[in-house]
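Before any comments, here is the structure.
The values are calculated or read from the model by the stated rules, or taken from the named source; none is laboratory data. Since the model is a prediction, treat every value here as computed from it, not as a measurement. When we count neighbours, we look across all protein chains shown, and the Cβ atoms used for this are built from the backbone with ideal geometry, even at glycine. In case anyone asks, the SASA skips ligands and DNA or RNA and just uses the protein heavy atoms, side chains included. Shrake-Rupley method; radii C 1.70, N 1.55, O 1.52, S 1.80 Å.
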Amino acid sequence: MTHMSIVNEIKCSHCGAPLSFEPGEMLATCKYCGYTVAIETGEPFTLEHSLIINKYDQTQVEEPIRNWMRGGFLKPGDLAKKAKLTEKNLTYLPFWVVSAEASSTYKGVFERIAPAVSKEGKIEKEYDWLVLARKAAEFPTREYDVPLEGKVPYDFRKIEAFAHVLNSEIDRTEAEEQARQEIDENHRYLVAQDIDKIVDFKTEMKVEETVYLHAPIWFIKYEYKGKDYKLLVDGATGTAVKGDIPSIKL
Ligand SMILES: [Zn+2]
């Protein structure tokens with residue numbers, strides 16, 4: 001019988017400890033030794049696996065949260081003072097970082113002035129494109145500026161006992177394809193500033209490197225005047241990635 005809450009277990013081939021994973025996960029990382037394995041094949045994961053270090057414990061993280069509550073004119077003036085933090089969960093989310101050169105060639109028509117003129121061109125850019133390695137997670141990947149300069153080789157000893165580590169549900173090939181599609185969309189968006197009707201559009205991407213990465217995100221819930229709100233905080237920088245703001249009644 002299959003059910004989403006069933007947790008499967010294999011034995012870590014590096015340290016022998018039980019290694020648990022959930023249906024749909026592609027990679028599992030041992031919490032006792034940091035070894036990462038491809039679940040389906042049992043093969044060790046040989047690409048670069050990195051970690052972004054979290055800088056806060058459950059008490060310290062309140063400071064960037066209160067600062068976020070105090071900042072910005074759209075928030076209620078007493079938010080930082082009155083809000084009660086009801087949940088503070090640290091989760092290491094899995095990402096793929098696809099470093100690639102992408103170029104799009106396009107042809108189209110500029111119709112905003114008469115007579116319409118044909119235009120063609122090329123967009124060339126380099127990216128460290130971030131792909132969330134979870135299928136159902138609600139996370140605003142495009143709003144998250146992953147602090148890549150702070151990455152270190154994955155070290156299980158740096159993972160706090162109270163934190164969760166999520167495994168990847170997307171393999172490298174899928175991640176690279178998703179990056180290609182998203183970069184293509186991004187380039188189409190850029191071209192649309194300059195062209196009214198796209199006739200031909202083609203994106204090519206050369207992948208230089210793809211890195212598997214775990215990054216610390218604080219999932220915060222707070223209560224303000226009897227209502228619950230959510231906030232996501234980057235554990236490396238203390239930056240609010242996205243947060244619900246109570247509306248100000250005028
Ligand atoms: Zn192990």
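If I compute solvent accessible area with a 1.4 Å probe over the protein chains, what percent of it on the stretch 156-235 is carbon and sulfur?
47
Treating only the Cα positions of the stretch 1-98 as identical point scatterers, give the base-10 log of I(q)/I(0) from the Debye formula at each q in 0.12, 0.18, 0.20 Å⁻¹.
-0.63, -0.92, -1.03
Along the stretch 172-181, what does the Karplus equation 6.51 cos²θ - 1.76 cosθ + 1.60 (θ = phi - 60°) give for ³J(HN,Hα), rounded to whole Hz, x for Gly and Pro?
4, 4, 4, 5, 5, 5, 4, 4, 4, 5
In square angstrom, what is the accessible area per residue of the chain with a 1.4 angstrom probe?
58
Check each of the chymotrypsin sites (Phe, Trp or Tyr not before Pro) in the stretch 142-250 and keep only those in coil by DSSP with at most 11 other C-beta atoms within 10 angstrom; list them in order.
Listed in order of number, the matching sites are Phe162.
For the stretch 143-250, just the Cα set please: Rg and Dmax, both in angstrom.
According to the Cα coordinates of the stretch 143-250, Rg and Dmax are 19.4, 55 Å.
Roughly how many Å is it from the Cα centre of the stretch 63-117 to that of the stretch 178-250, as a whole number?
Their Cα centres are 5 Å away from one another.
Any idea of Thr46's accessible area? Nearest 10 Å², probe 1.4 Å.
Per-residue accessible area (Thr46): approximately 120 Å².
What longest range of the chain stays clear of loop-exposed trypsin sites (Lys or Arg not before Pro) (DSSP non-H/G/I/E/B, at most 14 other C-beta within 10 angstrom)? Before the final figure, lay out the partial values.
Working: sites that count: Arg112, Lys135, Lys225, Lys249.
With a cap of 14 other Cβ atoms within 10 Å, the longest stretch comes to 1-111.
In terms of the Cα gyration tensor, with a ≥ b ≥ c the square roots of its eigenvalues, is the stretch 104-205 rounded because a/c is under 1.5, prolate because a/b exceeds b/c, or oblate?
Here the stretch 104-205 falls in the prolate category.
Once you sort the root eigenvalues of the Cα gyration tensor of the chain as a ≥ b ≥ c, which label holds: rounded (a/c under 1.5), prolate (a/b larger than b/c) or oblate (the other case)?
Judged from the Cα gyration tensor, the chain comes out oblate (a/c at least 1.5, b/c at or above a/b).
Given a 1.4 Å probe and heavy atoms of the protein chains only, how would you sort Leu190, Leu213, largest accessible area at the top?
Leu190, Leu213
If we count every other residue with Cβ under 12 angstrom of Lys55's Cβ, Lys/Arg +1 and Asp/Glu -1, where does the sum land?
Counting the neighbours of Lys55, the net charge comes to -3.
How large is ³J(HN,Hα), in whole Hz, for each residue of the stretch 231-238 in order, when computed from phi with the Karplus curve 6.51 cos²θ - 1.76 cosθ + 1.60 and θ = phi - 60°, using x for Gly and Pro?
The phi angles translate into 8, 10, 10, 5, x, 8, 10, x Hz.
Rounded if a/c is under 1.5, else prolate if a/b is larger than b/c, else oblate: which is the stretch 195-241, with a ≥ b ≥ c the root eigenvalues of its Cα gyration tensor?
oblate
With θ taken as phi - 60° and the coefficients 6.51, -1.76 and 1.60, list the Karplus ³J(HN,Hα) couplings across the stretch 92-105 in order, rounded to whole Hz; mark glycine and proline as x.
Residue by residue, the stretch 92-105 yields 8, 8, x, 10, 10, 10, 9, 8, 8, 9, 10, 9, 10, 9 Hz.
If the only charges are +1 at each Lys and Arg Cβ and -1 at each Asp and Glu Cβ, what is the size of the charge dipole of the stretch 92-250 around the Cα centre, to the nearest 20 debye?
Here the size comes out at about 600 debye.
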